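Enquirer: Sharing a structure below in C-alpha cells format, with a few things to ask.
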Amino acid sequence: MQQTDVFSNPPEWVAKAVVYQIFPDRFRCSGKVKEQLQLALKPWGSDPAEQGFQGGDLFGVIEQLDYLQGFGISCIYLTPIFSSAANHRYHAYDYLQVDPLLGGNSALEALIEAVHRRGMRILLDGVFNHCGRGFWAFHHLLENGEASPYSDWFEVNHWPLHPYPSRGQDCGYSCWCSNAALPKFNHSHPPVREYLLAVGRYWLERGIDGWRLDVANEVPTDFWLEFRKMVKAVNPQAWIVGEIWGDARPWLQGDQFDGVMNYRIGWSSLCWLAGNRLRRSKRNPAYPLQPLGGEGFVDVLGTTLGWYRPEVNRSQLNLLDSHDVPRALHSLKDDVGALKLALLLLFLQPGAPCVYYGTEVGLHGGHEPGCREGFPWQQDWPLDLRDFIHSLVALRQHCPELCEQSLQWQAIGSDGLSGSRAQLSPQKPESEESIQVWINRSRRSWLPINTGLDDPLLMVGSLESSGRGLAPQSAVVFSNEG
C-alpha cells in the first residue's frame, strides 16, 4: 500500500506531547452552565455505576488548565462531548451540538481558545461507527418505518424495528455489540459518509487538533481513507488516533491513522510490575491481565514496537488505563510504588504518554463504569503524584531521544529490567550519548547493578552505588550528558 506524503511527516508535536484523558461528566463542575440549573443531577462523587449525570462541564476543564499545565500536561483528550442521553456520550443524537449539560458549543469554543492560548492541544472523540437511538435520522425511522427516506442510513434487517427489545427479541437492525441503544451507520450509503466527513471537518475547522476514533476496526477501511484525506487537507498537523487494542498494522500503513491507543504498552507494564499480586478480575483478551516475567514483558514490548516504523511509534497514544478498563492502581491492588514504576515505563517509550484523569491523585476504580469516578476536588487526596509526573515530563525534555526511538530492553534475573540507548552526537561525532535505565520491581530484594555513571537524571526510590544496588521498587535513569 503506497504511503502518502503527509504520513512521512506525521504531526511534529505528537512525539513530545503529554496527554491527559478527561471523562467530562466526572472531571469538574464549574457551576456556570445555566442549562444545569434546576435539573436533577447526581451528587458529585456518586457511585459511577449509576445512570445519570454528575454535572462536569467544559468550563470546569477551562478552570483547571493551569492545574494540568502545572505538572506538564500539553494536550487534553476528551471522551465524547456531543449531545447524548448517556453520561459517557457514546450514544450521540446530534454530532454538531456539544451537549448543553457541558455548556454547549460556546463552551467548546472557549475551551479551544483557552487551550491554544497556553500552547496546549485538544483531541476530541469521534464515534463514527454508531449513534444513539435519539439520533435524528434513526428517530425518523422509528416514526416512519419503511416509509422513512433515511432507511438506507442504517443496516435494517427486518421491519418493524424494536429499539427497546424484550428479552430474546431481535431489534431488527445492526447495532454495536448487540446493543439496541447503538444503531450502526451504513457506511456504504453515500449520504452517511458525506455527513460523517462533514462532522469531522466541522470541528477541525473550529480549531480542534485531532480525532480519537472509537471502535475504528469496525468501520470500513475505505471510509477511513477518505477521512484521512479530509483531515490532512484541513490541517496537516492534526493527529488521527484509532481505537485499535492489538496489532494495528493494517491501519498504520500511511493512508489511515497516525497512531492508535497503544494498550499493549499499558497492560504489559502493569502485568510485569504487579507480578503475582496483579488483580485479574477483568476479562478482556485485548487487555489480558496475567502476570508477566521480565522476558515476557520485553517480548511484548519488542513485538509491539517492532510492528511499526519509527514514524508510527512516535505517533502512538501510549496509556496504562482509560475509561474502558480498570484503573492502573486498581489492577496493581493500590500499590503506589508499582504505579510510579508503571508511569516511568510509560514515559520512557516513544510516542505520547497519556495520563487518565485522577491517576495523579489516587483514583482507583475498577471495571467500567467504576473507573469513571468524580474527581475529588473537595476532598483530601489519597496521594499526590503531580511532582513525580512533572519529573517524568522533565526527563523527556532533557532526553528528547526518548521521544524518538525505543530503548533496548532486557530482563535481569527474576525482578530486574534494564534499558539503554546509544547514538553518535552531532556535536561530538567521536563520542556517544547514552541513556541507561534500571528498574527493580521486587518488593523485598535489592537489585545489584553496575552503572559506571554518577549523578542520575531521575531516581525513583533509592540506590546504593557502592553497595547493594537498587532498592526494592526503585528505578534509576542515567545519561552521560549529566
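Enquirer: Pairs only if they're at least six apart or on different chains, beta carbon under 7 angstrom, first in the stretch 161-179 and charged (D, E, K, R), second exposed (fewer than 12 other Cβ atoms within 10 Å of the Cβ); list them, first residue then second.
Expert: none
Enquirer: Among the residues of the stretch 149-179 satisfying the criterion of being small (Gly, Ala, Ser) and farther than 23 Å from residue 223 by Cβ, which is modelled with the lowest pLDDT?
Expert: 168
Enquirer: What is the number of the single condition among (1) of a type in the set (A, V, I, L, M); (2) within 25 Å of residue 257 (Cα to Cα); (3) touching a Gly at 6+ places or on another chain (Cβ under 7 Å) that residue 108 does not meet?
Expert: All conditions are met except number (3).
Enquirer: Does residue 140 count as over 22 Å from residue 324 (Cβ atoms) and either among the aromatic types (Phe, Trp, Tyr) or surrounded by 13 or more Cβ atoms within 10 Å (Cβ to Cβ) (or both)?
Expert: Yes, satisfied.
Enquirer: Then there's this: If residue 276 passes every condition in (1) polar (S, T, N, Q); (2) crowded, with 22+ Cβ neighbours inside 10 Å; (3) in contact with a Pro (Cβ under 8 Å, 6 or more places away or on another chain) but one, which one does it miss?
Expert: That leaves (2) as the condition not met.
Enquirer: Let me ask something else about it. Keeping to the stretch 425-470, report how many residues are part of a loop (DSSP other than H, G, I, E, B), modelled with pLDDT under 95 and under 19 Å from residue 349 (Cβ atoms).
Expert: Looking only at that region, the number is 1.
Enquirer: Could you please tell me which pairs satisfy a Cβ distance under 8 Å, a separation of 6+ or placement on different chains, a first residue in the stretch 250-273 that is closer than 17 Å to residue 310 by Cβ, and a second residue that is at pLDDT below 95 and of a type in the set (Ser, Thr, Tyr)?
Expert: 254/4; 254/8
Enquirer: Could you count how many residues in the stretch 351-367 are within 15 Å of the chain's Cα centre (by Cα) and surrounded by fewer than 22 Cβ atoms within 10 Å (Cβ to Cβ)?
Expert: Count: 0.
Enquirer: Here is a follow-up. If you scan the stretch 385-421, which residues turn out to be among the small types (Gly, Ala, Ser) and either farther than 18 Å from residue 265 by Cα or in contact (Cβ under 8 Å) with a residue 40 or more places away in the chain (or both)?
Expert: Selection gives 391, 394, 406, 411, 413, 414, 416, 419.
Enquirer: Right, another one. Counting just the residues of the stretch 171-210 that are of a type in the set (Phe, Trp, Tyr) and either surrounded by 19 or more Cβ atoms within 10 Å (Cβ to Cβ) or over 24 Å from residue 315 (Cα atoms) (or both), which one comes out farthest from the chain's Cα centre (by Cα)?
Expert: 173
Enquirer: In addition: Kindly provide the set of residues from the stretch 211-225 that are over 20 Å from the mean Cα position of the chain (by Cα), assigned to a helix (DSSP H, G or I) and free of Cβ contacts under 8 Å to residues at least 40 places away in the same chain, ordered by number.
Expert: Listed by number, the residues that qualify are 221, 222, 225.
Enquirer: For the stretch 315-350, which residues satisfy the criterion of being among the charged types (D, E, K, R) and surrounded by fewer than 24 Cβ atoms within 10 Å (Cβ to Cβ)?
Expert: Selection gives 324, 333, 334, 335, 340.
Enquirer: Of the residues in the stretch 58-108, how many are surrounded by fewer than 19 Cβ atoms within 10 Å (Cβ to Cβ), under 25 Å from residue 15 (Cα atoms) and not polar (S, T, N, Q)?
Expert: 4
Enquirer: Give me the residue from the stretch 471-482 that is modelled with pLDDT of 80 or more and in contact with a Ser or Thr (Cβ under 8 Å, 6 or more places away or on another chain) and, out of that set, surrounded by the fewest Cβ atoms within 10 Å (Cβ to Cβ).
Expert: 472
Enquirer: Select from the stretch 279-307 the residues that are among the polar types (S, T, N, Q) and loosely packed, with under 12 Cβ neighbours inside 10 Å and write down the one among them that is farthest from residue 268 (Cα to Cα).
Expert: Per the stated criteria, the residue is 281.
The values are calculated or read from the model by the stated rules, or taken from the named source; none is laboratory data. Quick caveat, the model's predicted, so the values are computed rather than measured. Backbone-built Cβ (ideal geometry, glycine too); neighbour counts: all protein chains shown.
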